[in-house]
Amino acid sequence: MMYKFEKMTQEQAEEIAHNWHYDGDYAFYDMEADEEDLEEFLDCKARGNYMFAVMIEDELIGFFSVSQAAANVYDIGLGMRPDLTGNGRGTEFLHACMDFVQSRFTVDKITLSVATFNQRAIKVYRKVGFKDMDTFMQDTNGSTYEFLWMLYECV
């Protein structure tokens, strides 16, 4: 599939924030689940030039963020439209996101953080070559959750 990355518009941010709702435990990833995250996601200045809508043709299928963490190290965040999750598309989607970063920047390492309960995503990240580095606690969604910090070396 041909994934296209474009700077996220306000309309796309509002679509994701208000209409994308995940089932069960994955509702944790609903943008409306954390007021602070929602506010930042809907603020075009806060999204800046690091938040992208991921498209296939004219269809919004995901979002992707990238920010520089250190020299040649980039931190990513990503999400797929709820109806597309759990269907074996994660590896292809992640590869497209990683290819996008590597095509735009000089990259030695890519990092990401994921809630430890999200074994579905962790399995995809490990399959692609991300390694578990550390766990940490993060205040979000009205409580404190454990996250796994993962690293991919581009050598």
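The values are calculated or read from the model by the stated rules, or taken from the named source; none is laboratory data. Bear in mind the structure is a predicted one, so any value in this text is a computation, not a measurement. Cβ placement follows ideal geometry from the backbone for every residue including glycine, while neighbour counts extend to all protein chains displayed. Only protein heavy atoms, including side chains, enter the accessible area calculation; ligands, DNA and RNA are left aside. Shrake-Rupley method; radii C 1.70, N 1.55, O 1.52, S 1.80 Å.
Quick notes
- GLY86 being within 26 Å of ASN19 (Cα to Cα), touching a Phe, Trp or Tyr at 6+ places or on another chain (Cβ under 7 Å) and either assigned to a strand (DSSP E or B) or at pLDDT below 95 (or both): no
- Test: residue in the range 26-43 that is of a type in the set (Gly, Ala, Ser) and modelled with pLDDT under 95: yes
- Selection within the range 57-76 - closer than 15 Å to GLU6 by Cα and part of a strand (DSSP E or B): GLU59, LEU60, ILE61, GLY62, PHE63, PHE64, SER65, VAL66
- The set of residues in the range 82-94 that are open to solvent by less than 40 Å² (accessible area, probe 1.4 Å), of a type outside the set (Val, Ile, Thr) and either under 14 Å from MET55 (Cβ atoms) or without any contact (Cβ under 8 Å) to a residue 60 or more places away in the chain (or both) comprises LEU84, GLY90, PHE93, LEU94.
- Filtering the range 1-56 to residues that are in a loop (DSSP other than H, G, I, E, B) and in contact (Cβ under 8 Å) with a residue 24 or more places away in the chain leaves MET1, MET2, MET8, THR9, TRP20, HIS21, TYR22, ASP23, ASP34, ASN49.
- Identity of the residue in the range 95-130, assigned to a strand (DSSP E or B) and farther than 27 Å from GLY24 by Cα, that ends up least open to solvent (accessible area, probe 1.4 Å): ILE110
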